[in-house]
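Data first, discussion second: the structure below is written as structure tokens.
The values are calculated or read from the model by the stated rules, or taken from the named source; none is laboratory data. Just so you know, these numbers come straight off a predicted model, no measurement behind them. Note: ideal-geometry Cβ built from the backbone for every residue, glycine included; neighbour counts use all protein chains shown. These area figures cover heavy atoms from the full protein model, side chains too; ligands, DNA and RNA do not enter into them. Shrake-Rupley method; radii C 1.70, N 1.55, O 1.52, S 1.80 Å.
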Amino acid sequence: MGNLIKVLTRDIDHNAGNFFLDFESKCPHPLTLFWGYIRPGPSVTEVQGLLDKAVGFLRAAHLSLCFACPPPPQVTSTPPLCLTEGALHGLLGALTSTRYTPTQHLEREQALAKQFAEILHFTLRFDELKMTNPAIQNDFSYYRRTLNRMRINNVPAEGENEVNNELANRMSLFYAEATPMLKTLSDATTKFVSENLPIENTTDCLSTMASVCKIMLETPEYRSRFASEETASFCLRVMVGVIILYDFVHPVGAFAKGSKIDMRGCIKVLRDQPRNSVEGLLNALRYTTKHLNDESTSKNIKAMLQ
């Protein structure tokens with residue numbers, strides 16, 4: 001019965017993303033705590049603090065690799081907010097269950113939506129930072145060669161944080177990706193979709209979240225409720241993140257005529273912002289999506305992203 005109701009209401013729900021999703025509140029909705037899915041999450045400001053740690057993580061990696069010295073502990077440990085497949089699948093499972101429509105999920109379970117948004121925000125920001133340090137992969141290869149020579153010559157490495165071969169291989173594969181965090185997120189989401197059919201349960205959630213972000217950004221009444229412009233930037237990044245995920249997991253992608261994401265509207269919202277503040281997000285749509293260059297993508301949308 002729940003699936004039947006979902007099918008009958010899907011088209012109505014698709015147009016119903018007109019509500020305020022509070023990304024700034026630290027307090028989860030009581031229903032979310034009742035279901036026990038998550039604990040109270042950090043604020044947008046606290047998430048920015050984690051991103052500052054990510055900047056230090058990448059800079060420390062770059063410096064240690066350039067000088068072929070043992071990296072500091074934060075380089076040989078997991079990056080902040082690193083995704084675990086099980087945690088992401090649990091979050092997606094809660095947001096895509098059939099007991100509510102996608103809009104009802106996002107509106108009633110805002111703390112869940114906020115945590116998913118924080119993952120998307122961190123993913124895109126981390127990859128932006130990684131792309132501003134393009135030499136890391138070459139530096140790391142040099143670092144590994146130097147360590148191998150030291151081992152052959154029985155020269156002990158200083159410090160206790162020498163990278164072992166297993167970890168070095170994992171780090172090398174991670175940094176070989178142009179956008180490593182997005183690759184991790186898209187792979188985990190694709191696996192979730194393959195194990196949780198029908199696919200519309202997930203894609204409807206993603207398209208609704210994109211619609212909610214777009215409406216909040218283009219509606220003065222909603223945008224005026226943001227405490228700072230950082231929240232608007234957060235919302236823009238989340239919107240782009242769900243578009244990219246939708247494009248990866250949906251068979252025809254986000255740019256096709258039948259897509260449930262208003263791509264023209266989303267791109268217009270991006271283009272209405274100061275150019276220097278959204279160029280990275282526009283590049284993410286240009287270069288990290290799967291279906292932009294398909295024949296089914298309209299020339300108008302392609303032109304908007306040129």
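Checking the condition in contact with a Ser or Thr (Cβ under 6 Å, 6 or more places away or on another chain), part of a helix (DSSP H, G or I), surrounded by 13 or more Cβ atoms within 10 Å (Cβ to Cβ) and in contact (Cβ under 8 Å) with a residue 12 or more places away in the chain, which residue from Thr184, Thr189, Thr202 passes?
The unique qualifying residue is Thr202.
Select from the stretch 131-141 the residues that are in a loop (DSSP other than H, G, I, E, B) and open to solvent by less than 50 Å² (accessible area, probe 1.4 Å) and write down the one among them that is farthest from Leu206 (Cα to Cα).
Residue satisfying both the conditions and the ranking: Ala135.
Return only the number of the condition from (1) modelled with pLDDT of 85 or more; (2) over 21 Å from Phe234 (Cβ atoms); (3) of a type in the set (Ser, Thr, Tyr); (4) open to solvent by less than 20 Å² (accessible area, probe 1.4 Å) that Ser97 does not satisfy.
(4)
Here's the yes/no breakdown for (1) farther than 25 Å from Gly241 by Cα; (2) β-branched (Val, Ile, Thr); (3) open to solvent by 10 Å² or more (accessible area, probe 1.4 Å):
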{"site": "Leu129", "(1), (2), (3)": "no, no, yes"}
{"site": "Tyr143", "(1), (2), (3)": "yes, no, no"}
{"site": "Asn154", "(1), (2), (3)": "yes, no, yes"}
{"site": "Asn164", "(1), (2), (3)": "yes, no, yes"}
{"site": "Arg170", "(1), (2), (3)": "no, no, yes"}
{"site": "Ala178", "(1), (2), (3)": "no, no, yes"}
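Applying the selection to the stretch 253-263, what residues are open to solvent by 70 Å² or more (accessible area, probe 1.4 Å) and farther than 15 Å from Cys213 by Cβ?
Scanning the stretch 253-263 gives a single hit, Lys257.
For residues that are modelled with pLDDT of 90 or more and not in a helix (DSSP H, G or I), tally how many sit in the stretch 101-124.
Here the count works out to 1.
Being surrounded by 13 or more Cβ atoms within 10 Å (Cβ to Cβ) and either more than 17 Å from the chain's Cα centre (by Cα) or assigned to a loop (DSSP other than H, G, I, E, B) (or both) is the filter here; which residues of the stretch 280-293 pass it?
Listed by number, the residues that qualify are Thr288, Thr289, Lys290, His291, Leu292.
Which ones in the stretch 250-279 are in a loop (DSSP other than H, G, I, E, B) and among the basic types (Lys, Arg)?
Lys257, Lys260
Here is a list: Met263, Met209. Which entry is of a type outside the set (Asp, Glu), in contact with a helix residue (DSSP H, G or I) (Cβ under 7 Å, 6 or more places away or on another chain) and under 22 Å from Gly93 (Cβ atoms)?
Residue meeting the stated conditions: Met209.
Quick grid of which residues meet (1) in contact with a Ser or Thr (Cβ under 8 Å, 6 or more places away or on another chain); (2) closer than 17 Å to Thr231 by Cα:
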residue	(1), (2)
Lys257	yes, no
Ile261	yes, no
Val269	no, yes
Gln273	no, yes
Arg286	no, no
Leu292	no, no
Glu295	no, no
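Go through (1) of a type in the set (Ser, Thr, Tyr); (2) farther than 30 Å from Ser296 by Cα; (3) out of contact with any Asp or Glu (no Cβ under 8 Å at 6 or more places or on another chain); (4) touching a residue at least 12 places away in the same chain (Cβ under 8 Å) one by one and return the number of the condition Ser224 breaks.
Ser224 satisfies every listed condition except (4).
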